[in-house]
Amino acid sequence: MASKFEEFGGWLKFFYFLCLLNIVTSLTMVFMLGGELFGETSRPIIEILLEGLEVGVTLYLLYLIIQVVQIRQPEIPEYIKDKLFLMFVVGIVYFVVHSLFTIPGKGWQMKNTMALAGSVQTMLWATIWRTYFERSERVDVYYHPQQDEQFPDRINS
């Protein structure tokens, strides 16, 4: 009997959708930062470039995840968890570096609050989905299809 967990669906499909959505919003952010970089802005160029670097690395990690998420191989969950961990680290590093090198002055607290909000969002997102890939029964069954044949009672439990 085939399990519903053998197909690409549920929270796994929702994760895929959110990755695509994050790619679209990250690309939008790159264009906005480009406009800020080449337009007149009160922000220092180093801050814009730092934010662009963070968005670019996150975009690249999301691209790597999208490329493999539907491939049914046992090593894929570890690969995705590694990329999610890197996203978490990028969020921490960005916030620390941004906080250390932001030029104090008008709007300093607002800029750091915005950096914190984006970093915390990235860190929470990566943590939640990494935990999902560690504990999900669907992930276990989908990426390890041979386990279904060895342990048929596991699907029903």
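Throughout, read-outs are computed from the coordinates displayed, never taken from laboratory work. Computed from a predicted model, the values in this text were never measured in an experiment. Using ideal geometry, Cβ is built from the backbone for each residue, glycine included, and neighbour counts are taken over all protein chains shown.
Observations on the structure shown:
- What the pair-distance distribution of the range 32-82 shows, using all Cα-Cα distances binned every 5 Å from zero, is 4, 18, 21, 13, 10, 9, 10, 8, 5, 2 percent.
- Stokes-Einstein diffusion for the range 55-94 at 20 °C, viscosity 1.002 mPa s, with a Kirkwood radius from C-alpha pairs, works out to 205 µm²/s.
- Once backbone amide H atoms are built at 1.01 Å from N, Gly9 has no partners under 5 Å, excluding neighbours fewer than 5 places away on the same chain.
- Annotation for the range 1-104: GluC sites (Glu not before Pro) lying in DSSP loop with at most 16 further Cβ atoms inside 10 Å of their Cβ are Glu7, Glu40, Glu75.
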